[in-house]
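Undergrad: Take this structure, written in structure tokens, and hold onto it; I'll ask about it next.
The values are calculated or read from the model by the stated rules, or taken from the named source; none is laboratory data. Treat the numbers as computed from the prediction; the structure is a model and nothing was measured. All Cβ positions, glycine included, derive from the backbone under ideal geometry; neighbour counts span all protein chains shown.
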Amino acid sequence: MSRKLQIYGDPISGNCLKTKWTADYLGVDYEWIALDIRTGDTRTDEFLAINPFGQVPTAVLPDGRILTQSNAIMVYLAETNDGLLPGGPYQRAQVFKWLFWEQNSHEPYIAGRRYRKTYLGHDDSKIDAEWIPRGNAALALMDEALGKSDYIAGDVLTLADISLVAYTRVAHEGGFDLSDYAAVRAWISRVEGDLSINPVPEAS
Ligand SMILES: N[C@@H](CCC(=O)N[C@@H](CS)C(=O)NCC(=O)O)C(=O)O
């Protein structure tokens, strides 16, 4: 079987947008299949047959194989299209370091708060109070790194920037204030420009 790469995703999800922006930047020919995670599209029998975890993003490769986990899909796209991953083993490992860190130390707090506040309408009392200091610790660490180089893993745009920008640019929707993180704010604009995506307006 050979057909176009398919990506199942919901545009409210930064994890899904990461894979879309990577595919678009690399000029990949793919089909975007929009699901709505809030109305149960990821829990239908049809979708669970594709991804038993019931999550997006989910990629179906042209030969029918399935690939899940946003950062793994991004790595696959970069490897098969020769871009966004620097050449040497150490430099590539630096990119992977940030991808693992994003899922472990950034996304759980910054994306987690955003989903609960913006999409589930939870007020702060229903959200683990630890998520604010943990999210801020992640932002502070990024701000320090971005004070030394234009991009998170060095001087060029890589997968690490696309992965991290997805939820950092909407951190305000989770109650995080980026005004103390000047290097992060400048980097968001830089990466949005590179990816040709529009800034997300802050609530007035
Ligand atoms: N670590 C996974 C997270 C995947 C995930 O949590 N997906 C959410 C959207 S961001 C989802 O599909 N939620 C719907 C559901 O669980 O039914 C990744 O990076 O792809």
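Undergrad: For the stretch 171-190: of the residues being touching a Lys or Arg at 6+ places or on another chain (Cβ under 8 Å), buried (at least 20 other Cβ atoms within 10 Å of the Cβ) and hydrophobic (A, V, I, L, M, F, W, C), which is farthest from TYR25 (Cα to Cα)?
TA: PHE176
Undergrad: Let me ask something else about it. Specify which of the listed residues (ARG190, ARG169, ARG114, ARG134) is assigned by TED's automatic domain parsing to the domain that holds ALA93, charged (D, E, K, R), at pLDDT 95 or above and touching an Asp or Glu at 6+ places or on another chain (Cβ under 6 Å). Write out each step before concluding.
TA: Details: ARG190 fails: touching an Asp or Glu at 6+ places or on another chain (Cβ under 6 Å); ARG169 fails: touching an Asp or Glu at 6+ places or on another chain (Cβ under 6 Å); ARG134 fails: touching an Asp or Glu at 6+ places or on another chain (Cβ under 6 Å).
Result of the check over ARG190, ARG169, ARG114, ARG134: ARG114.
Undergrad: Write out, first by first residue and then by second, each pair whose Cβ atoms fall under 7 Å of each other, whose residues are 6+ apart or on separate chains, and whose first residue, in the stretch 3-20, is farther than 17 Å from PRO62 by Cβ while the second is among the acidic types (Asp, Glu) and more than 8 Å from the ligand (Cβ to nearest atom).
TA: ASP10/ASP36
Undergrad: Looking at (1) of a type in the set (S, T, N, Q); (2) in a strand (DSSP E or B); (3) over 17 Å from THR80 (Cα atoms), which one does ASN15 not meet, given that it meets all the others?
TA: Of (1) of a type in the set (S, T, N, Q); (2) in a strand (DSSP E or B); (3) over 17 Å from THR80 (Cα atoms), only one is false for ASN15: (2).
Undergrad: Among the residues of the stretch 51-75, count how many are out of contact with any helix residue (DSSP H, G or I) (no Cβ under 7 Å at 6 or more places or on another chain), within 10 Å of the ligand (Cβ to nearest atom) and either of a type in the set (A, V, I, L, M) or assigned by TED's automatic domain parsing to the domain that holds PHE100 (or both).
TA: So the answer is 1.
Undergrad: Quick one: would you say GLU130 is closer than 25 Å to ARG185 by Cα and within 12 Å of the ligand (Cβ to nearest atom)? Walk me through how you get there before you give the answer.
TA: Details: closer than 25 Å to ARG185 by Cα: yes; within 12 Å of the ligand (Cβ to nearest atom): no.
Answer is no for this residue.
Undergrad: For the condition surrounded by 12 or more Cβ atoms within 10 Å (Cβ to Cβ), more than 9 Å from the ligand (Cβ to nearest atom) and part of a helix (DSSP H, G or I), what is the one hit in ILE7, ILE110? Please lay out each step first, then the result.
TA: Numbers: ILE7 fails: part of a helix (DSSP H, G or I).
Checking each option against the conditions leaves just ILE110.
Undergrad: So if I check each of LEU35, LEU84, LEU99, LEU48, which one is within 16 Å of the ligand (Cβ to nearest atom) and either modelled with pLDDT under 95 or closer than 17 Å to ILE7 by Cβ (or both)?
TA: Working: LEU84 fails: within 16 Å of the ligand (Cβ to nearest atom); LEU99 fails: either modelled with pLDDT under 95 or closer than 17 Å to ILE7 by Cβ (or both); LEU48 fails: either modelled with pLDDT under 95 or closer than 17 Å to ILE7 by Cβ (or both).
None of the others qualify; the one that does is LEU35.
Undergrad: Do you know which residues across the stretch 76-107 are in contact with a helix residue (DSSP H, G or I) (Cβ under 7 Å, 6 or more places away or on another chain) and not in a helix (DSSP H, G or I)? Spell out how you get there, then give the answer.
TA: Filtering the stretch 76-107 down to residues in contact with a helix residue (DSSP H, G or I) (Cβ under 7 Å, 6 or more places away or on another chain) leaves 77-78, 81, 83-86, 95, 98-99, 102-103, 105-107.
Once the filter is applied, which keeps residues that are in contact with a helix residue (DSSP H, G or I) (Cβ under 7 Å, 6 or more places away or on another chain) and not in a helix (DSSP H, G or I), the stretch 76-107 yields GLY83, LEU84, LEU85, PRO86.
Undergrad: Confirm whether ILE110 is aliphatic (A, V, I, L, M) and within 28 Å of ASP36 (Cβ to Cβ).
TA: Numbers: aliphatic (A, V, I, L, M): yes; within 28 Å of ASP36 (Cβ to Cβ): yes.
Judged against the criteria, ILE110 is a match.
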